[in-house]
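The values are calculated or read from the model by the stated rules, or taken from the named source; none is laboratory data. In this text the structure is predicted, and so the values were computed from the model without any measurement. Glycine also receives a Cβ, built like all others from the backbone with ideal geometry; neighbour counts cover every protein chain displayed.
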Ligand code: F6P
């Protein structure tokens, strides 16, 4: 059977649902090209001297990004690839990235478009040096009407306003997962052709699961509802759930979410008291929101424990939120524990 390329898929989607106007198609094609370039760089690793930390000004210590985290060389390269690829096509009004404090304006010498692009250029980057899967996450919003020079405020829209969300995982194969609001579809990079090829359509997350993903080392910092939920899972067959559960934690959200899309599961990075200044670890705008849109579109649930993630009104570009997402019935249970 001849499989559709990403380009063919996007054109078909426009015929079927009028969900991919030509500017949005260009945007997705450009992002997918940038993802190919990032995948090539990630694949080169030590051969091209790309592992390790990015040197800060003066060269002695690692550069620290806006999140207060040491930047890896590949974080910086992936960010530059996405910025450069998306600047000149005329499809964007502005971009925002995990690696930059404020929005990146489209230079005046280039035409501007109506979309805003947000990304985490290299998610899970602590895994780079140990050769474990990492990825890129992105989210697309419309620029508010009448805004010609978007500031951070233009980006502060709830996740329910996303017109497109996606992520790539650089694993044994490079896979791009995409939603435009009509289901979730996966494309595998054919390295000989240089094209993303549709390999899974209308992915559905099983409603029930026996697998959970959480960083257990934080248990002592969790709130009581989360402790209760995990205690019950750990109690297994002899506990209140009456069955054994299995645990997986890659520590790359892209890989953990991809596993959940493939065979179900629940992923949690809950609120904790480790750093009372932070509401969680994951960032709303370019991690939680795009993943929540994808998971909901695949029939799963995505909550902060108290609120649907896509309904959270953002207050800052780099705002953090607690995240509970995956198989619908397990997410509903975690929410019910928070409510009681
Ligand atoms: O910053 C994002 C991230 O790397 C996610 O990809 C991942 O799920 C999480 O952080 C891992 O956090 P920790 O190192 O605390 O397990």
Residue pairs within 8 Å by beta carbon, gap of at least six or interchain, first lying in the stretch 237-258 and in contact (Cβ under 8 Å) with a residue 60 or more places away in the chain and on the phi > 0 side of the Ramachandran plot, second outside any helix (DSSP H, G or I) and more than 9 Å from the ligand (Cβ to nearest atom), listed first then second, are 251/132
In the stretch 232-258, residues that are in a loop (DSSP other than H, G, I, E, B) and near the ligand (Cβ under 8 Å from one of its atoms) total 4
Residue 90 vs (1) closer than 27 Å to residue 21 by Cβ; (2) crowded, with 21+ Cβ neighbours inside 10 Å: all pass except (2)
Residue pairs qualifying under the 8 Å Cβ cut-off, at least six apart or on distinct chains, with the first in the stretch 205-219 being within 11 Å of residue 266 (Cβ to Cβ) and free of Cβ contacts under 8 Å to residues at least 40 places away in the same chain and the second being more than 15 Å from the ligand (Cβ to nearest atom) and part of a loop (DSSP other than H, G, I, E, B), are 210/243; 210/244; 210/245
When (1) more than 16 Å from the chain's Cα centre (by Cα); (2) crowded, with 22+ Cβ neighbours inside 10 Å are applied to residue 177, the one that fails is (1)
message = For the structure I just gave you, tell me whether residue 262 is under 17 Å from residue 168 (Cβ atoms), surrounded by fewer than 21 Cβ atoms within 10 Å (Cβ to Cβ) and either within 13 Å of the chain's Cα centre (by Cα) or away from the ligand (no atom under 16 Å from the Cβ) (or both).
response = yes
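For (1) within 22 Å of the chain's Cα centre (by Cα); (2) surrounded by fewer than 23 Cβ atoms within 10 Å (Cβ to Cβ); (3) away from the ligand (no atom under 16 Å from the Cβ), each residue gets a yes or a no:
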{"residue": "71", "(1), (2), (3)": "yes, yes, no"}
{"residue": "85", "(1), (2), (3)": "yes, yes, yes"}
{"residue": "100", "(1), (2), (3)": "yes, yes, no"}
{"residue": "121", "(1), (2), (3)": "yes, no, no"}
{"residue": "143", "(1), (2), (3)": "yes, yes, yes"}
Task: Test result for residue 48, over 21 Å from the mean Cα position of the chain (by Cα) and under 25 Å from residue 318 (Cα atoms) - done: no
Here the residues within the stretch 111-125 that are in contact with a helix residue (DSSP H, G or I) (Cβ under 6 Å, 6 or more places away or on another chain) and free of Cβ contacts under 8 Å to residues at least 40 places away in the same chain are 116
Out of (1) at pLDDT below 95; (2) under 20 Å from residue 177 (Cα atoms); (3) surrounded by 18 or more Cβ atoms within 10 Å (Cβ to Cβ), the one residue 16 does not meet is (3)
query: outside any strand (DSSP E or B) and surrounded by 14 or more Cβ atoms within 10 Å (Cβ to Cβ): does that describe residue 285?
result: yes
### Message
Could you go through the stretch 48-59 and let me know if any residue there is assigned to a helix (DSSP H, G or I), away from the ligand (no atom under 16 Å from the Cβ) and at pLDDT below 90.
### Response
yes
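Residue-by-condition table, conditions (1) at pLDDT 95 or above; (2) within 12 Å of the ligand (Cβ to nearest atom); (3) surrounded by fewer than 22 Cβ atoms within 10 Å (Cβ to Cβ):
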residue	(1), (2), (3)
270	yes, yes, no
273	no, no, yes
277	no, no, yes
289	yes, no, no
293	yes, no, no
